[in-house]
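Structure first, commentary second.
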Amino acid sequence: MSADQNLTKDQSNPAVDGKELIRFDKVTKRFGSNVVLDELDFSVNSGKHVTLIGPSGSGKTTILRLLMTLLKPEEGTIRVGGKYLTHEERNGKLVKAGEKHIREVRKNIGMVFQQFNLFPNMSALRNITEAPVSVLGLPKDEAEERARELLDMVGLGDKTDAYPTQLSGGQQQRVAIARALAMRPQVLLLDEVTSALDPELVAGVLDVLRDIAHTTDITMLCVTHEMGFARDISDQVLMFDSGRVIESGTAEKMFNEPEHERTREFLSAVL
Amino acid sequence: MMSEKFFTEWFLPGIWITVQVTVYSAALALAVSFLIGTLRTSPLWIVRFASGTYFEIFRGTSALVMMFWMAYAVPSLLGIQFVPMAAGVLALGLTYGAYGSEIVRGALAAVAPAQREAGIALNFTKAQRLRKIELPQAWPEMIPPFNNLLIELLKGTALVSTIAVADMTFAGNLLRLAKGDSAPIYTLLLVIYFVFAFLLTRGMRLLERQANRRMGKTPPEKTGFLSGLRSKSATDAVTGTGGAK
Ligand SMILES: Nc1ncnc2c1ncn2[C@@H]1O[C@H](COP(=O)(O)OP(=O)(O)OP(=O)(O)O)[C@@H](O)[C@H]1O
Ligand SMILES: [Mg+2]
């Protein structure tokens, strides 16, 4: 069912789909002598939902953290919407980007974390409005109105004044999703966003994400162990091993007839 | 024990001076604590070095000698003459501010790194992250050690009597010199310092409760009459049990 649905959606949005939004060029990331990404090349087109799968330690989180500029690559370049993320061009030469340039490119990217990372000193509503107001300069009442809409969308319309400590994990994660969306990012990075949740809370969060995937044009880059969910939303699945893409394809192809031996092994272990 | 004239002309004004010196020094110390404490977490080594040097200098020098230095050395060195109370307030505020900077630095370092990352992901500037995320979260952690420091500062204000600031200790010394009978007046002074310390602690406890409420934590339940005096350990006990009792 999912593949068909994605296909129709792709055709209904020709304007946003197809253009390259994210590009990794020969990106190398090392931690000491541990080479996590070795000249990684890959790209994601605008509007696509891409799931990264692969064994633990294969570098999936590292990729998302590089995109969020929480890590810097040792070599290679990353581009988002055609602009270099950690480099900028000066006098025709590529140099390390300054904070201003990084913030300019970074505003297109949002992230939801495994541990939610809500701000404990702010109510749910302010968690969502703070960045739009102080970073984007949105008027406060406009930001609040939009935050209420977003909270409604994630099913927490009655929790505007609750503090993170007063919310369950699943509720916190849904606020965190609303918070990321409030910045209107082009790309949403999701790193195992249900892994820290009690099993009975997982479905609610995944439903919200499915909804976003099916009703918005946001490009999603998603690391998950929820293979059913990955099947539902993914246009493309990338199989990682040791910091390389060893196989990629549509969700249907990857889950039903993987070609690579490592992919088959990995999927039989997690499915 | 004391004449009415002494009481109204020296003792009451002395109490008021003690209060003033405490408030001014605490305000200065607080400002210095936040400034130096924040600078000490800077990513720039030169900023960390400069602020760290400030901390080491004021930690390593005697507040009393610093007070003499402000009152008597600065005029001859720089040609600036402070009124005695200003010299006292400067010495106390700068010294206790150095200790306070350690509290601020420690509390900032204790904020979860994930909070910084969430701030980056929402594209806040460094200054915005500090102001809206890191300092507000560090603040409740600072209050109990700030309380201890404030009590130390209150008691330290007695030092100003040595540079001719007529605080309540100064008044006590006057009375001893005049009458020779020092037991009652010094006992009274001890009691007054104790009562002030007690009141300050109660005030800080209110602040702590309010800060915890702002973080969505339910305030620790009210404990006994003297609980305020053990503010730090009392909070630890309450939060540590996680409401298990
Ligand atoms: N901050 C760090 N310092 C040192 N090594 C790190 C750091 N972060 C990640 N690594 C190493 O990089 C490699 C890839 O880690 P990464 O977190 O990207 O894997 P992953 O694919 O997300 O794994 P998992 O499925 O377990 O989350 C691992 O070998 C890990 O030990
Ligand atoms: Mg990971």
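Values quoted throughout were computed directly from the atomic coordinates according to the rules given, and no laboratory measurement underlies them. These numbers were taken from a predicted model, which means no experiment stands behind them. Here the Cβ is made from the backbone with ideal geometry for all residues, glycine too, and neighbour counts use every protein chain on show.
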Just how far, in whole angstrom, is the range A:155-180 from the range B:4-66 if you go by their alpha carbon centroids?
-> 42
Stretched out fully, how many nm does the piece from B:ALA178 to B:ARG202 gain, at 0.36 nm a residue minus the Cα gap?
-> 5.0 nm
Net charge (Lys, Arg +1; Asp, Glu -1) of residues whose beta-carbon lies under 14 Å from that of A:THR28, A:THR28 excluded, is -1
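Would you mind putting A:28-39, B:65-76 in packing order, based on average other-beta-carbon counts within 10 Å, highest first?
B:65-76, A:28-39
Take every residue in peptide A:108-121, count the Cβ atoms of other chains within 10 Å of its Cβ, and give the average of those counts.
5
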Relative contact order in percent for chain A (Cα pairs under 8 Å, 6+ apart) equals 25
Go through A:LYS140/B:LYS132; A:LYS100/B:LYS132; A:LYS48/A:LYS100; A:LYS29/B:LYS132; A:LYS100/B:LYS126 and tell me which ones have a Cα-Cα distance over 22 Å in this structure.
-> A:LYS48/A:LYS100; A:LYS29/B:LYS132
Work out the charge dipole of the protein assembly as shown with +1 on the Cβ of Lys and Arg and -1 on the Cβ of Asp and Glu about the Cα centre, then indicate which of B:TRP69, B:LEU154, B:TYR99 is farthest towards its positive end.
-> B:TRP69
Given charges at Cβ of Lys, Arg, Asp, Glu: chain B dipole, positive-most of B:PHE6, B:ILE192, B:ALA114 = B:ALA114
Environment charge of B:ALA127, counting only residues whose C-beta is closer than 15 Å and scoring Lys/Arg +1, Asp/Glu -1 | +4
Could you pull out every residue, at least 5 positions away or on a different chain, whose amide H is within less than 5 Å of the one on A:HIS49? Hs are placed 1.01 Å off N in the peptide plane, and Pro or chain starts have none.
-> A:MET220, A:ASP235, A:GLN236
Helix-only CD estimate at 222 nm, as mean residue ellipticity for chain A, using -39500 (n - 2.57) per DSSP H run (n ≥ 4) = -11500 deg cm²/dmol
Quick one: net charge of A:ARG184's neighbours, Cβ under 10 Å, K/R +1, D/E -1?
-> +2
Among the DSSP H helices of chain B, those whose Cα atoms extend at least 18 Å along the helix axis and whose mean Kyte-Doolittle hydropathy is 0.0 or higher are B:12-39, B:45-59, B:84-109, B:135-156, B:183-214
Förster radius 30 Å - calculated FRET efficiency between A:LYS96 and B:ALA110, Cβ distance, rounded to 0.05 | 0.45
Cα centre as origin, Lys/Arg/Asp/Glu Cβ charges: the protein assembly as shown dipole, Debye = 1860
With +1 at each Lys and Arg Cβ and -1 at each Asp and Glu Cβ, the charge dipole magnitude of the range A:142-248 around its Cα centre, to the nearest 20 debye, comes out at 180
